[in-house]
Amino acid sequence: MNDVTTYKERIRDFYDVLSPHFRDWWGEHLHDGFYVTGRETKAEAQDQLVAELARRADLPVGVRGLDVGCGMGATSIWLARERGASMTGVTLSSVQVGLANELARREGVDASFRVADADTLETIEPYDFLWMVGVLGHLDDQRAFIDRSPRLLADGGRFVLGDWVATGELTDRDRRRPGRPGTRGSGSLRFPA
């Protein structure tokens, strides 16, 4: 077994064990929120992040989307409900797939979920947009995924990416800050006008 396989299995096992608890603690989303006023609940801020990214990406209503690293499906379900998107979500965790499909059935939206590895993801029919929030750190080769992503998109498709990033050189002090190495110099995505 190679290091990449072991790493993927550890990610899968982590989410298989903890996702039901995360849902109880954090709600249906597993990503950060976008706090506009600072008075929002965590759930409101999480929905606001999805809404803000969709707005900035100028996602058309009623398109097909692929949510890479979909977690428990809350973002795909929001996009299906609020934007009329037909969503497919992929994750390494079969437990997350079960939770996401259950939530989609309960919400009555056009969203389905399956187990797949983003590093080897292929699709028969391209999507109008790829959605990827808080997932880059789980990829074995981030550059390879980004380089390969146009093959997953229809002509004119959009890649919506939201993640913590370092926008400059990290100092040794930054690297010693557990769990927060990129905080100094982190920035938001810039979308073309």
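Taken together, the values in this text are just the output of simple stated rules run on the coordinates, not laboratory data. Since the structure is predicted, the reported quantities are computational estimates derived from the model, not experimental observations. Positions of Cβ are generated from backbone atoms using ideal geometry, with glycine treated the same way; all protein chains shown enter the neighbour counts.
Worth a mention:
- Distant-in-sequence amide contacts of Ala111, defined by a placed amide H-H separation under 5 Å and a gap of 5 or more residues or a different chain, comprise Met87.
- HN-Hα J in Hz across region 129-137 - Karplus 6.51, -1.76, 1.60, θ = phi - 60°, x for Gly and Pro: 8, 9, 10, 8, 10, x, 10, 3, x
- With K and R counted +1 and D and E -1, the other residues having a Cβ less than 13 Å from that of Val133 yield a net charge of -4.
- Loop-located chymotrypsin sites (Phe, Trp or Tyr not before Pro) in region 51-158 (DSSP state other than H, G, I, E, B) with a sparse environment of at most 10 neighbouring Cβ atoms within 10 Å are absent.
- Computed from backbone phi, the HN-Hα couplings of region 140-155 come to 5, 9, 4, 4, 4, 5, 4, 5, 7, 4, x, 5, 8, 10, 6, 3 Hz, rounded to whole numbers (Karplus: 6.51 cos²θ - 1.76 cosθ + 1.60, θ = phi - 60°; Gly and Pro given as x).
- Taking label points 7 Å from Cα along the Cα-to-Cβ direction, Glu125 and Ala154 give a separation of 0.9 nm.
- HN-Hα J in Hz across region 60-71 - Karplus 6.51, -1.76, 1.60, θ = phi - 60°, x for Gly and Pro: x, 6, x, 9, 8, x, 10, 9, 8, x, 6, x
- Scanning residues 5 or more positions from Leu153 or on other chains, those with amide H under 5 Å from its amide H are Tyr127, with H placed 1.01 Å from N in the peptide plane.
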